Structures are given as structure tokens and as C-alpha cells.
1. Any idea how many residues of region A:103-139 are part of a loop (DSSP other than H, G, I, E, B), in contact with a helix residue (DSSP H, G or I) (Cβ under 8 Å, 6 or more places away or on another chain) and either hydrophobic (A, V, I, L, M, F, W, C) or surrounded by fewer than 20 Cβ atoms within 10 Å (Cβ to Cβ) (or both)?
2. Name the single residue, out of those in region B:284-337 being under 27 Å from residue B:383 (Cα atoms) and aromatic (Phe, Trp, Tyr), that is nearest to the other protein chains (Cβ to nearest Cβ).
3. Scanning for something within 14 Å of residue A:113 (Cα to Cα), touching a residue at least 24 places away in the same chain (Cβ under 8 Å) and within 10 Å of chain A (Cβ to nearest Cβ), does region B:353-364 turn up at least one residue?
4. Only one of (1) under 23 Å from residue A:68 (Cβ atoms); (2) β-branched (Val, Ile, Thr); (3) surrounded by fewer than 15 Cβ atoms within 10 Å (Cβ to Cβ) is not met by residue A:173, so which one is it?
5. Of all residues in region B:1-57, count the ones that are among the aromatic types (Phe, Trp, Tyr) and more than 8 Å from every other protein chain (Cβ to nearest Cβ).
6. Yes or no: region B:23-39 includes at least one residue that is closer than 30 Å to residue A:90 by Cβ, among the aromatic types (Phe, Trp, Tyr), free of Cβ contacts under 8 Å to residues at least 12 places away in the same chain and assigned to a helix (DSSP H, G or I).
7. Quickly run through region A:11-27 and pick out the residues that are crowded, with 17+ Cβ neighbours inside 10 Å and farther than 28 Å from residue A:228 by Cα.
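The values are calculated or read from the model by the stated rules, or taken from the named source; none is laboratory data. Model, not experiment: these values are computed from the prediction. Using ideal geometry, Cβ is built from the backbone for each residue, glycine included, and neighbour counts are taken over all protein chains shown.
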Amino acid sequence: MRAANLVKLLFGVLAVVFLVAPLVAILPLAFTSSVFLTYPIPGYSMRWFNELANANVWRMSIINSLIIGTGTTLLAGTLGTLAALGLRNAGLILPGLFRTAFLLPMVVPAVVLGVGMQVFFVHLGLANSYAGVIAAHSVVAVPFVVVSVTASLAGIDRRVERAAASLGAAPFTVFRRVTLPLALPGILSGAVFAFATSLDEVVLTLFVAGPNQRTLARQMFSSIRENISPAIAAAAFLFIIGTLLIAAVALLVRRRTERLKQQVVEV
Amino acid sequence: MSDTSAKGRLGALALVAPLVLFLAIFFAWPLVSMLKEAVSDPVGSRAFPLTAAVAGDWDRQSDPPQELQQAFIDDLRAIDDQQLLGDAVRRLNSAQNGFRTLMGRTMRAVEEQPQGPIDLVEVDKRWADARFWRAVADSTNPYTDRYLLAALDYERDASGRIEALPAEASANTAILLRTLGIGAVVTIACALIGLPYAMLAVSVEGWKRQLLLGAVLLPLWTSLLVRTAAWFILLQEQGLINDTLMSLGLISRPLPLIFNRLGVVIAMTHVLLPFMVLPIYSVLLSIPRNLMPAAASLGAPPWRAFLRVLLPLSLRGVVSGSLLVFMTAIGYYITPALIGGAQDQMISSVIAFYAIGSANWGMAGALGAILLVATLALYAVYGRLSADRAGGR
């Protein structure tokens, strides 16, 4: 029995190391003073973060990522939230069909979608434009919003809304004062997912963006390909910190939902 | 809010309509235009509209009728878009060698005599050859199966029969097989690690389980690009893995880990492992915890209880996870592009090459159509499996 436990422990440790070690290994290299992305690190400096902030290509790509990410969050967030509210309505015809259709952008390979968008956007006059990149990112971000908002709406006790309606609140008032506040955490985490999806998107960007819409992810992709430098590790550091922040926000949001639900139950 | 009255029904539709419209324009339409690129061949019909109108009347076997020849001459007289003419000549030349000089000579003759009939055979003897007329007539068909056939390494011969391309020109089947092969190896690697991992996560409690789940979720939440960059750093020649092995004295020179198949499989397994662990985990959670003790109390040794009870029950999770991993793996672009060598590129890289590198939309569309159909078929099976599971409970 002890041998079996030892094997279990060893496997568990190895697997966790396999999953987590790459992410940990890249972090210290962001602070290297060398021009090589290798260990051992000769000295520590902030030079690669300075490079990100000051070199034109990196600075522009960070600004582009923020613009496109914000646009995607607003567009995908709005469309996805509305659709999730519609899906919740029992009167909707063919709900299964709509749900499947809304998830399909997660399934279709990015390169396939990219080729289609490249061909189609030229006809539409959206090639090499911010609007085009935001639309492309929104297509792949919107399933996350739909899933997240649908999940939070499913957690709302219908009786609360009916109680508000029976007390004389108009449907829109019920929505604004009851449904929306309860669904807000789901909407926020959906928006966070949409932003993160846009931030990480490379393939569609490769197809539809022009040189002026080069995002941080796109810039990282080409610099890994062409001239690998520790600036990539610094950019990765920012990504990982961003991820941890997102995880923290998601956790806070979940706590808040649970507290809200608690309050509703207590009322 | 949830009334099923006509008004409520309309309200629900109005709420989903914006997203439906958005996805119709920016998701469905691009896919349709990609599929259209795969089968469309518009140059000939645009350059020779009159010829296109009469080409259908010719049986392709007898001598080309006079009206076809006259229509072609009239088309050549009418054409004033040099770009379009150039595209058309290129298109004809790709179907039948010799069109470049033939068309140059013919255009000069047409320019010299802007009115009336011209005996084309007198201009160039090749016009007496039905093969050239067949190429002209065929080029006016706005649709073609050329790209789809070429994507699978087939072509049509002069008489229209489908035949395999010569071995030196057939790269696509090899790439399709390679894509499936890498997908299969990654799926198996994920299953071999993912199944015991999920079982381990279910068998422990408290912080241990949180740690195991967190270790799966953290990579899932981390940017794909960051994870690929991280593997690049680990696997490179002076990377952490080679340095460690060398300082331990296990190897004397760096192992080739990057820009080859091994590196691609390692990095893709890491990226896709969460998609295997999570479905298996959720299936295992639903298995009653007293089944294994029950098997043991009936006298089954642990390995037997595992083989006969736990493994069959968890198989559904393994199948779901495998479909998910395989489906995602065959569409991968970034990881093979950055970690792999020239011999490890998958179908997505070839599609990207045709689309971005050489503006060959027909081939990009045809290969894209194959990948799209394969992915959607796998997704349909996956959807059926998970629907069965939800319905079976």
C-alpha cells in the first residue's frame, strides 16, 4: 500500500510540475539583464520592461491591444448579455439551436475562420481596420460571455422577480432593479473573459489586421519567430500578472454573487 | 419575465436577434465565402462572357462550333481590362501549356482586324487542336472542383477523368495524415496523463484536490502564446531542460528538443491537457464513492476493481476529453508554427501559407473546407455524447 501511495505522490508531483513549471520558469527571465533568453541569469534589471514601454513596436502593440480589447469587451459583452437574457426566456423558439449556434465560434479552427474573414472583410471594406479586428475578436469572445451570463442567470431565483412584479414593478423596472444586479457578476466575468480572449488572439489578427493594428499578442508571435529576446518574457510576465488579476476578479465576483444570493435567501 | 405569450416570445427573439445577426455577418458569411473560394473560378466567365453563353452548347468532343469561335473573338475584342486579360491568360495557361504565346499572337491578330470573322487556325495552328478550345470552354465555368481535388492530391486529366497527382507533386495527403498523426499522439499523451491525474484529483480531498485542480486551471487561464513562449524557453538548445540534464551529467551534448516533432507534442500536450482532465474529472465526480469499497468487499483485488468498475465508468469522460483534444489539436496553428520545424507543420500552417504567403484563396479555401468539415463532424459526435449523458440522468 505504501508503494502505491509513493507512486501516486510521485505522479502527482511530476504532473503538477509539468503543468505549472513552464509558467514559473518564464517569469524570472523578464528581469534578466542579458540579451539572451537563457539561464543562468547574469544580473537583474528592468531593461526589458523599459523596452516594452519605449520601443515603438512594443508600445504601439500594447496600446492597440488595449483599444481592441476594450472594443471587443463592449461589443461582445453587449451582444452576449442580450442573447443570454433571450435564451433564458421560456418563450424562445428552438433554444437548443440558438445555444449551439452561439457556441460554434469556439469550435471552428481559427485559421479557417481567419481565411474566410480575410476574403470577406476585403469585400466589406473592413480589412486592415480597427473595426474589423474588433468584430473578428468579438466573434470568438462572445461564446464566453453567453456561457458566463447564462450561468449567472440560471442561479437567479425566479420567485424574486415574480415577487417584484407582483408588488407592481413594471417589467423593465424588474429587470433593472432585480435581474440586472443579480446577473451583474456573470456579466462582469463574461466581460473579463472577452477582454482576455481579445488580448490573447493571434490567428485572426494575423489574417484581418494591418500593420497599424498589430496587437501585443501578434507582436509576441512574430518576435518569437524572428528575433527572440527577453522582451517576450517581459510581455509574458505582464500576461501572467494580468491572468492572476483576472482570476482574482473572478473570485471576488463569485464571492459577491454568493453574498448577494445569501441576502436574497435571507430576505 | 418568462411569459410564453406572443409578446414574451417576440421579446425573447428581439434579445437574441442582435447576436444572431452579428454572427450571421461576421461568422457564417466569412465561412461561406471561404467555401465559395474553394469552388469558384470566376476569371474565365468574367473575361469571356459571350463565350461562356455558348460554351454549354458544345459537347467538347467534336470540332468547336463556329459560333463559339466567333464569340471568343468578340470577347477578345471587347476586353479592355488588361489585368483581367492577364489573369485569364494565366488561368488558361495553368490548364493547358502554351496559352501564353498563343494568346499573345491571337490578341495581335484581333487588334489588327477589329471587325468581321477571323480564321484563328491561320493565326496559329494550335487553334485547330480541340484541347485548347476545351480549356477555353472549361475556363468559362464559374465553378470548379480543381482546388478540392488538389487538396486531396487529385486532378482531372485532359478528358476530365479524376486521377492521382504524381508523387512529387502530392504534398497535401502527407500533411493531412501528419495532422491526424500529431493529433492522435497528443490525444493519447493527454489521455495517459489525464486519466490518472483526474483519478488522483478525485481520490484526494481538501487542499490537495484544490492544488491539483488549480494546476490544471492555471494553464487554461494563461495565454496560449505565453505557454508556447515558455516551452520555447525550456526546450531550446541552451534551455532549462538541456542545461539541467547536462549539469547532472546525464547527457554530454544538448538534446534536440525544439523545431522537431517531440517539442510540438510536448508543448501541445501541455496546452491541451486541461481539456482532457476536466471532462474525466466531472465524470468521476458523479461515480458513487462506495462503488470501489463495494467491489473490494465482494472480494475484488484493487487492480481488478479498477479494471472492472472505475475504468469502464470513467471511459465516457475519456472519450469526451479525447474528442475535445483531438478536435482542437488538428486545428492548431500557433504551437507548431513556433515550436515545430518545417517537417512538423500541420494543415493550418499550410492554409495560412496559401492565404497569407501566396494569396492562393482557392487552395486555402479547399484545405480550410476539409479542416472545417472534420472539426464539425467531431464536434457533432462530441455534442451527441454529452447530450446522451445529460439525458441519461
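1. Residues that pass the stated criteria total 5.
2. Result: B:333.
3. yes
4. (1)
5. Counting residues in region B:1-57 that are among the aromatic types (Phe, Trp, Tyr) and more than 8 Å from every other protein chain (Cβ to nearest Cβ) gives 1.
6. As a first pass, look at region B:23-39 and keep what is closer than 30 Å to residue A:90 by Cβ: B:23-28.
Imposing the further condition that a residue be among the aromatic types (Phe, Trp, Tyr) reduces the set to B:26-27.
Still in the list and also free of Cβ contacts under 8 Å to residues at least 12 places away in the same chain: B:26-27.
Checking which are assigned to a helix (DSSP H, G or I) leaves us with B:26-27.
Scanning region B:23-39 turns up at least one residue that is closer than 30 Å to residue A:90 by Cβ, among the aromatic types (Phe, Trp, Tyr), free of Cβ contacts under 8 Å to residues at least 12 places away in the same chain and assigned to a helix (DSSP H, G or I).
7. A:12, A:15
Listed here are the residues, each with its yes/no results for (1) within 12 Å of chain B (Cβ to nearest Cβ); (2) closer than 19 Å to residue A:105 by Cβ.
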| residue | (1), (2) |
| --- | --- |
| A:137 | yes, yes |
| A:147 | no, yes |
| A:160 | yes, no |
| A:164 | yes, no |
| A:169 | yes, no |
| A:180 | yes, no |
